[in-house]
Amino acid sequence: MAAGKGTRMKSALPKVLHRLAGRSLLQHVLDTAARLGADRIIVVTGHGADAVEASVQAPKACFVRQLPQLGTGHAVQQAVPQLHDEGTTLILNGDVPLIEASTARALLEAAGGAKLALLTVELDDPAGYGRVLRGDAGGRDAHEAGRVHAIVEHKDATPIQRAIREVYTGIMAVPLAS
């Protein structure tokens, strides 16, 4: 996903085109996707779409535009017509250049072609991030104990939820069904 404005960066340049170690943030992510052997790379663009699309160096890339930008879920919806009917789709963010291929591969393996898998992390200071709400064994089937039941944005979280240190990174593996 590479549609956002990046307003916090205070730059006219689309966020994903800022450079790190000689390449754009987005190009780092595309290179990781290529290392995974992706047979199709769908880049969702929006803000600065022409410049973002012109910058991409990935032979298997196609583009869909998210206009207007209505959030992450809406961005994914724009890509749905380009997805395969089966397999697993890995959703990566164009502004997360340091995702390792090994981490992404492990997430794909966790999904196993049949389950949604989210990449989460525990932070000492999770302020500003979406908290991962998991089931607990109290009154529930033990099978439900570790399942994710919701992700609540920081601004919407209760004080108890804000104490949760596990946050969602925005990266997921999604099974596709025909």
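The values are calculated or read from the model by the stated rules, or taken from the named source; none is laboratory data. Since the model is a prediction, treat every value here as computed from it, not as a measurement. Here the Cβ is made from the backbone with ideal geometry for all residues, glycine too, and neighbour counts use every protein chain on show.
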Quiz item: So is Val121 more than 19 Å from Thr45 (Cα to Cα), touching a helix residue (DSSP H, G or I) at 6+ places or on another chain (Cβ under 6 Å), at pLDDT 90 or above and not acidic (Asp, Glu) or not?
Solution: no
Quiz item: From the set of residues in the range 131-178 that are assigned to a loop (DSSP other than H, G, I, E, B) and under 15 Å from Ala110 (Cβ atoms), which is modelled with the highest pLDDT?
Solution: Arg147
Quiz item: Is it the case that some residue within the range 64-85 is modelled with pLDDT of 90 or more, more than 22 Å from Arg19 (Cβ to Cβ) and among the hydroxyl-bearing types (Ser, Thr, Tyr)?
Solution: no
Quiz item: Can you pull out the strands (runs of 3 or more DSSP E) entirely within the range 1-116 that have at least 2 residues that are charged (D, E, K, R) and free of Cβ contacts under 8 Å to residues at least 40 places away in the same chain?
Solution: none
Quiz item: Restricting attention to the range 38-47, does a residue exist that is loosely packed, with under 14 Cβ neighbours inside 10 Å, more than 17 Å from Leu108 (Cβ to Cβ) and of a type in the set (Asp, Glu)?
Solution: no
Quiz item: Are any residues in the range 53-73 more than 17 Å from Ser24 (Cα to Cα) and out of contact with any Ser or Thr (no Cβ under 8 Å at 6 or more places or on another chain), and if so, which ones?
Solution: Lys60, Cys62, Leu67, Pro68, Gln69, Leu70, Gly71, Thr72, Gly73
